[in-house]
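What follows is a single structure, written as structure tokens, with notes after it.
The values are calculated or read from the model by the stated rules, or taken from the named source; none is laboratory data. Given the structure is predicted, the values throughout are model-derived calculations rather than measurements. Because the Cβ atoms are built from the backbone with ideal geometry, glycine has one as well, and the counts that use them run over all protein chains shown. All accessible areas refer to the heavy atoms of the entire protein, side chains included, with ligands and DNA or RNA removed. Shrake-Rupley method; radii C 1.70, N 1.55, O 1.52, S 1.80 Å.
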Amino acid sequence: MTPALLTPERFTSSTVPLGDLLLDVVAGGGSLGFLDGLTRDEAIAWWRELTPAVTRGDIAVWAVHDTDGRCLGTITLGFSAMPNGRHRAEVRKLMVHSAARGQGLGRVLLATAERAAAARGITLLVLDTETDSPAEGFYRAAGWQRVGTIPDYAADPAGVLRPTTLYYKRPDAS
């Protein structure tokens, strides 16, 4: 399971499997900014709306597809456009399909993004995740440092306001 950096062309052809992955993760309770009732068309459209950002290089998206073309996992790095923030990037939308969980794919995706960030000269990574979710233990085990918690930051898929916890990591440049 080797993540591939999606070129603009490959990203465009991957929006349907990426949308299906998003649906699977949200249906499983993943707090990714979407609510229950997300439709396949909405999930695909959300990814398609990112095409200009991928084309400009504002974000980088990696994905793992199986032999049938199903997207098993993805991770996105968002780069700062501001001159005073070009040393940092935000980890966004780390997702692993329910059928691929427990196989280390999340760790592979995260490590891929961290290495790519370091190679690009990024010296600080940040992310947020739902407080007390399984993702918190995952990020801590990967060496991420907890910064703090914001109450009622975002609604989970059921619409219940939940706190989020902020994390940072300095990627290894070696």
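The table for this structure:
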quantity	calculated
Count of region 24-39 residues which are buried (at least 17 other Cβ atoms within 10 Å of the Cβ) and farther than 17 Å from Leu109 by Cβ	4
Test: residue in region 129-149 that is at pLDDT 95 or above, open to solvent by less than 40 Å² (accessible area, probe 1.4 Å), more than 20 Å from Val25 (Cα to Cα) and part of a strand (DSSP E or B)	yes
Any hit, region 83-91, residues being of a type in the set (D, E, K, R) and farther than 30 Å from Val16 by Cα	yes
Filtered residues of region 49-86 (kept if in contact with a His (Cβ under 8 Å, 6 or more places away or on another chain) and hydrophobic (A, V, I, L, M, F, W, C))	Cys71, Leu72
Members of region 41-90 that are under 11 Å from Thr15 (Cβ atoms) and basic (Lys, Arg)	Arg48
